[in-house]
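Step one of this worksheet: look at the structure below.
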Amino acid sequence: MGFISFKTTDTNRSINNAHSGIPTFKVVLVDDNGNEYVEHNYNGYGIFGGIDIFILIAEMNGYLFNDDNDPDQEYETLRNLGIQLYYEEPEAIHPNIYEVPQEWANVPLDSCEAQGFFY
């Protein structure tokens, strides 16, 4: 799997990953319910504060984890739905990623062209 990264919602700063050689900085992922996921050392694979951002996007858009299914398969299904929503559905809602924590706003995420690594 390749790297994925985003720009912060409040400062439009690229979120570099721990493999880039550039010091990482704290960001806070905030969903539409006000839940905050703090990440101090982003690894580059879409996990912020222990939650996969694409799973969160799927859940924020009404798709839920089905406990009756195989957990690994369900994770991949939801993750792929979140990826599809992020890249192909302009009306999908996204979490926000802030440097300075604040309330969620319905602002689309911008991906980082450098994938948080190729600067």
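Would you check which residues across the stretch 69-106 are touching a residue at least 40 places away in the same chain (Cβ under 8 Å), of a type in the set (A, V, I, L, M), surrounded by 13 or more Cβ atoms within 10 Å (Cβ to Cβ) and touching a strand residue (DSSP E or B) at 6+ places or on another chain (Cβ under 9 Å) and list them?
Selection gives I97 alone.
What's the number of the condition V38 fails, among (1) touching a strand residue (DSSP E or B) at 6+ places or on another chain (Cβ under 6 Å); (2) buried (at least 17 other Cβ atoms within 10 Å of the Cβ)?
(2)
For the stretch 44-56, indicate whether the set of residues that are more than 28 Å from I22 (Cα to Cα) and not aliphatic (A, V, I, L, M) is non-empty.
No - not one qualifying residue is present in the stretch 44-56.
Anything in the stretch 1-43 that is aliphatic (A, V, I, L, M), modelled with pLDDT of 95 or more and closer than 11 Å to C112 by Cβ? List them, or say none.
Answer for the stretch 1-43, where residues must be aliphatic (A, V, I, L, M), modelled with pLDDT of 95 or more and closer than 11 Å to C112 by Cβ: just I15.
Kindly state which strands (runs of 3 or more DSSP E) lie completely within the stretch 26-119 and contain at least 3 residues that are out of contact with any helix residue (DSSP H, G or I) (no Cβ under 9 Å at 6 or more places or on another chain).
Correct list: 27-30, 36-39.
Which pairs have Cβ atoms under 9 Å, sit 6 or more apart or on different chains, and link a residue in the stretch 8-28 that is on the phi > 0 side of the Ramachandran plot to one that is in a loop (DSSP other than H, G, I, E, B) and modelled with pLDDT under 95?
Here the result reads G21/F117; G21/Y119, each pair linking the stretch 8-28 to a residue that is in a loop (DSSP other than H, G, I, E, B) and modelled with pLDDT under 95.
The values are calculated or read from the model by the stated rules, or taken from the named source; none is laboratory data. Keep in mind that what you see is a predicted model, and the values were worked out from it rather than measured. In this analysis, Cβ positions are derived from the backbone assuming ideal geometry, glycine residues included, and neighbour counts consider all displayed protein chains.
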